[in-house]
Amino acid sequence: MKAARRSVAFVSGLLLYSFCVGVAVKYANTGLPRQVYTQLGGRSSLAVMLGEAVAVAALLFLVAAGWGYLTLRPSRRRHRPYVAWMLSGVGVAWAAWLIFGAFNFALKPRAYAAPLQSMLLSSNAAPLFGALNIFGVVGGVWVAGRLAKRRQLSLPSSRARPTGDDAPVTESGRDSVPSSLASRSTMPPH
């Protein structure tokens with residue numbers, strides 16, 4: 001069962017990053033109204049591109065936090081959230097998208113003329129598809145992991161505690177009855 005939860009977290013990380021890249025590319029292709037661009041200095045100005053990149057990263061942070069929490073939250077106390085497995089899935093998906101973007105960039109000769117700020121900040125420009133997007137997704141998964149861990153600690157323990165006169169339990173959870181295996185200083189009579 002542990003392996004299944006790890007696999008779910010890993011695959012969820014893969015799907016999460018791929019979904020976030022799709023959302024970011026869709027938003028970058030849509031853009032803002034032309035009046036906003038003309039007031040801010042044009043679509044290719046650094047202020048507009050940085051503002052769009054931060055807005056997309058914030059949106060992806062919220063999506064990743066929600067998705068990650070739904071994936072990582074425990075239903076019982078003993079199930080700890082597998083944040084590292086989900087982050088490794090995000091990392092593998094990021095590497096796959098980076099390789100795809102590198103091939104896509106190499107096959108389009110007009111992309112070589114694009115300014116560096118466009119390649120780093122634009123969510124629809126290969127090979128990075130928005131450099132801030134990975135930070136938004138990783139930050140969202142990390143926050144989701146912290147929230148899932150907090151939920152895990154707030155759930156009641158799933159282990160049964162001994163009750164009754166046979167095994168008294170103190171506040172610390174240890175038995176208060178002395179051990180019967182203690183060493184004896186005298187030999188028992190024969």
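The values are calculated or read from the model by the stated rules, or taken from the named source; none is laboratory data. Because the structure is a prediction, the values reported are computed rather than measured. Here the Cβ is made from the backbone with ideal geometry for all residues, glycine too, and neighbour counts use every protein chain on show. Surface accessibility is based on the protein's heavy atoms, side chains included, excluding ligands, DNA and RNA. Shrake-Rupley method; radii C 1.70, N 1.55, O 1.52, S 1.80 Å.
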Practice task
Report, ordered by chain and residue number, the lysines lying within cross-link reach of residue 149, taken as a straight Cα distance under 22 Å and ignoring same-chain residues fewer than 8 apart.
Solution key: 2
Problem - DSSP-loop trypsin sites (Lys or Arg not before Pro) across the range 1-49, with at most 16 other Cβ within 10 angstrom - result: 43
Fill in the blank from the handout: Per residue convex hull volume, Cα only, the range 57-101, in Å³ is 71 Å³
Fill in the blank from the handout: Once both label points are put 7 Å beyond Cα along the C-beta direction, the residue 11-residue 62 separation in nm becomes 2.9 nm
Fill in the blank from the handout: Loop-resident trypsin sites (Lys or Arg not before Pro) in the range 50-82 with no more than 13 other Cβ atoms inside 10 Å, DSSP not H/G/I/E/B, are 76, 78
Practice task
With a Förster radius of 45 Å, plug the Cβ-Cβ distance of residue 107 and residue 80 into 1/(1 + (r/R0)^6) and report the FRET value to the nearest 0.05.
Solution key: 0.55
Completion exercise
For the range 1-91, the percent of accessible surface on carbon and sulfur atoms (probe 1.4 angstrom, ligands and nucleic acids excluded) is 66 percent
Problem - 25 Å Cα-Cα reach of residue 108 towards lysines, excluding residues that sit fewer than 8 places from it in its own chain - result: 26
Exercise for the section: For the range 90-100, just list the computed ³J(HN,Hα) in residue order, Karplus coefficients 6.51, -1.76 and 1.60, θ = phi - 60°, integers in Hz, with x standing in for Gly and Pro. Expected result: 4, x, 5, 5, 4, 5, 5, 5, 5, 5, 4
